[in-house]
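The values are calculated or read from the model by the stated rules, or taken from the named source; none is laboratory data. None of the values given here were measured: they were computed from a predicted structure. Using ideal geometry, Cβ is built from the backbone for each residue, glycine included, and neighbour counts are taken over all protein chains shown.
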Amino acid sequence: MQIGKQKESSLSVSKLRDRKNKKNRRYGQAPKKHAKMGIDSCIYAGITALVLILAILIAYLARGTSAVYIGIMGLLAMASAGRGVYDAVKGFREREKNYITCKVGMGINIFFLICLVLIYIGGLL
(Lines give C-alpha, C1' and ligand atoms only; values in the text may rest on other atoms or scores of the structure.)
Protein backbone atom coordinates (compact mmCIF):
# COMPACT_ATOMS: atom_id res chain seq x y z
CA MET A 1 0.00 0.00 0.00
CA GLN A 2 2.78 2.41 0.80
CA ILE A 3 4.39 1.94 -2.59
CA GLY A 4 1.15 2.82 -4.35
CA LYS A 5 0.72 5.96 -2.22
CA GLN A 6 4.27 7.06 -2.96
CA LYS A 7 3.63 6.63 -6.67
CA GLU A 8 0.40 8.58 -6.38
CA SER A 9 2.08 11.39 -4.44
CA SER A 10 4.96 11.59 -6.91
CA LEU A 11 2.49 11.68 -9.78
CA SER A 12 0.48 14.42 -8.11
CA VAL A 13 3.63 16.45 -7.51
CA SER A 14 4.60 16.19 -11.17
CA LYS A 15 1.07 17.14 -12.21
CA LEU A 16 1.18 20.17 -9.93
CA ARG A 17 4.50 21.22 -11.45
CA ASP A 18 3.07 20.87 -14.96
CA ARG A 19 0.05 22.98 -14.01
CA LYS A 20 2.27 25.62 -12.43
CA ASN A 21 4.49 25.78 -15.51
CA LYS A 22 1.48 26.05 -17.81
CA LYS A 23 0.21 29.04 -15.86
CA ASN A 24 3.37 30.94 -16.73
CA ARG A 25 3.07 30.13 -20.42
CA ARG A 26 0.28 30.81 -22.83
CA TYR A 27 -0.75 27.60 -24.61
CA GLY A 28 2.47 25.89 -23.61
CA GLN A 29 4.74 28.44 -25.26
CA ALA A 30 7.97 29.70 -23.75
CA PRO A 31 7.87 33.14 -22.09
CA LYS A 32 8.74 36.02 -24.39
CA LYS A 33 12.03 37.87 -24.08
CA HIS A 34 12.30 41.65 -23.91
CA ALA A 35 12.97 43.55 -27.12
CA LYS A 36 16.67 44.41 -27.40
CA MET A 37 16.01 47.87 -28.77
CA GLY A 38 13.56 48.49 -25.91
CA ILE A 39 16.31 47.74 -23.42
CA ASP A 40 18.58 50.15 -25.31
CA SER A 41 15.84 52.77 -25.13
CA CYS A 42 15.65 52.42 -21.34
CA ILE A 43 19.44 52.71 -21.14
CA TYR A 44 19.30 55.96 -23.15
CA ALA A 45 16.64 57.25 -20.73
CA GLY A 46 19.01 56.51 -17.85
CA ILE A 47 21.87 58.26 -19.63
CA THR A 48 19.64 61.29 -20.21
CA ALA A 49 18.68 61.40 -16.53
CA LEU A 50 22.33 61.15 -15.46
CA VAL A 51 23.39 63.94 -17.82
CA LEU A 52 20.61 66.19 -16.53
CA ILE A 53 21.48 65.48 -12.88
CA LEU A 54 25.14 66.16 -13.64
CA ALA A 55 24.25 69.42 -15.40
CA ILE A 56 22.18 70.58 -12.41
CA LEU A 57 25.02 69.64 -10.05
CA ILE A 58 27.61 71.52 -12.11
CA ALA A 59 25.36 74.59 -12.34
CA TYR A 60 24.87 74.54 -8.57
CA LEU A 61 28.56 74.10 -7.75
CA ALA A 62 29.69 76.74 -10.27
CA ARG A 63 26.98 79.13 -9.01
CA GLY A 64 25.58 79.71 -12.49
CA THR A 65 28.81 80.73 -14.23
CA SER A 66 29.11 77.64 -16.46
CA ALA A 67 26.44 78.37 -19.07
CA VAL A 68 28.38 76.88 -22.00
CA TYR A 69 28.93 73.53 -20.27
CA ILE A 70 25.31 73.32 -19.20
CA GLY A 71 24.12 74.17 -22.72
CA ILE A 72 26.30 71.47 -24.26
CA MET A 73 25.10 68.94 -21.69
CA GLY A 74 21.48 69.93 -22.42
CA LEU A 75 21.99 69.33 -26.14
CA LEU A 76 23.69 66.01 -25.37
CA ALA A 77 20.73 65.01 -23.19
CA MET A 78 18.31 66.04 -25.95
CA ALA A 79 20.19 63.92 -28.50
CA SER A 80 20.22 60.97 -26.09
CA ALA A 81 16.46 61.25 -25.51
CA GLY A 82 15.85 61.47 -29.26
CA ARG A 83 17.92 58.35 -29.83
CA GLY A 84 15.98 56.60 -27.07
CA VAL A 85 12.67 57.36 -28.81
CA TYR A 86 14.12 56.12 -32.10
CA ASP A 87 15.30 52.87 -30.52
CA ALA A 88 11.91 52.33 -28.85
CA VAL A 89 10.14 52.67 -32.20
CA LYS A 90 12.60 50.20 -33.75
CA GLY A 91 11.99 47.84 -30.82
CA PHE A 92 8.29 47.58 -31.69
CA ARG A 93 9.31 46.02 -35.02
CA GLU A 94 10.89 43.00 -33.32
CA ARG A 95 8.66 39.95 -33.55
CA GLU A 96 7.55 37.69 -30.70
CA LYS A 97 9.00 39.91 -27.96
CA ASN A 98 7.76 41.54 -24.77
CA TYR A 99 7.32 45.23 -25.59
CA ILE A 100 7.09 46.63 -22.05
CA THR A 101 10.65 47.98 -22.20
CA CYS A 102 9.82 49.75 -25.48
CA LYS A 103 6.76 51.36 -23.91
CA VAL A 104 8.59 52.46 -20.76
CA GLY A 105 11.63 53.73 -22.67
CA MET A 106 9.49 55.63 -25.14
CA GLY A 107 7.42 57.28 -22.41
CA ILE A 108 10.40 58.41 -20.35
CA ASN A 109 12.39 59.61 -23.37
CA ILE A 110 9.44 61.57 -24.78
CA PHE A 111 8.97 63.20 -21.37
CA PHE A 112 12.65 64.21 -21.24
CA LEU A 113 12.58 65.40 -24.86
CA ILE A 114 9.51 67.59 -24.33
CA CYS A 115 10.97 69.07 -21.14
CA LEU A 116 14.31 69.83 -22.80
CA VAL A 117 12.68 71.38 -25.87
CA LEU A 118 10.54 73.60 -23.62
CA ILE A 119 13.62 74.67 -21.66
CA TYR A 120 15.46 75.39 -24.91
CA ILE A 121 12.56 77.45 -26.30
CA GLY A 122 12.24 79.29 -22.98
CA GLY A 123 15.95 80.14 -23.11
CA LEU A 124 15.55 81.65 -26.58
CA LEU A 125 12.72 83.93 -25.46
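Okay, residues lined up against (1) under 24 Å from Gly123 (Cα atoms); (2) touching a Leu at 6+ places or on another chain (Cβ under 9 Å); (3) modelled with pLDDT of 90 or more; (4) of a type outside the set (S, T, N, Q):
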site: Gln2; (1), (2), (3), (4): no, no, no, no
site: Lys15; (1), (2), (3), (4): no, no, no, yes
site: Gly28; (1), (2), (3), (4): no, no, no, yes
site: Tyr60; (1), (2), (3), (4): yes, no, yes, yes
site: Met106; (1), (2), (3), (4): no, no, yes, yes
site: Asn109; (1), (2), (3), (4): yes, no, yes, no
Answer yes if at least one residue in region 66-83 is in contact (Cβ under 8 Å) with a residue 40 or more places away in the chain, surrounded by 19 or more Cβ atoms within 10 Å (Cβ to Cβ) and among the polar types (S, T, N, Q), and no otherwise. no
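So, in region 105-125, of the ones that are within 13 Å of Gly74 (Cβ to Cβ) and among the aromatic types (Phe, Trp, Tyr), which residue ends up surrounded by the most Cβ atoms within 10 Å (Cβ to Cβ)? Talk me through it step by step, then tell me what you get.
Start the filter on region 105-125 by keeping residues that are within 13 Å of Gly74 (Cβ to Cβ), which leaves 112-113, 115-124.
Narrowing further to those that are among the aromatic types (Phe, Trp, Tyr): 112, 120.
Working: Phe112: 23, Tyr120: 13.
Residue satisfying both the conditions and the ranking: Phe112.
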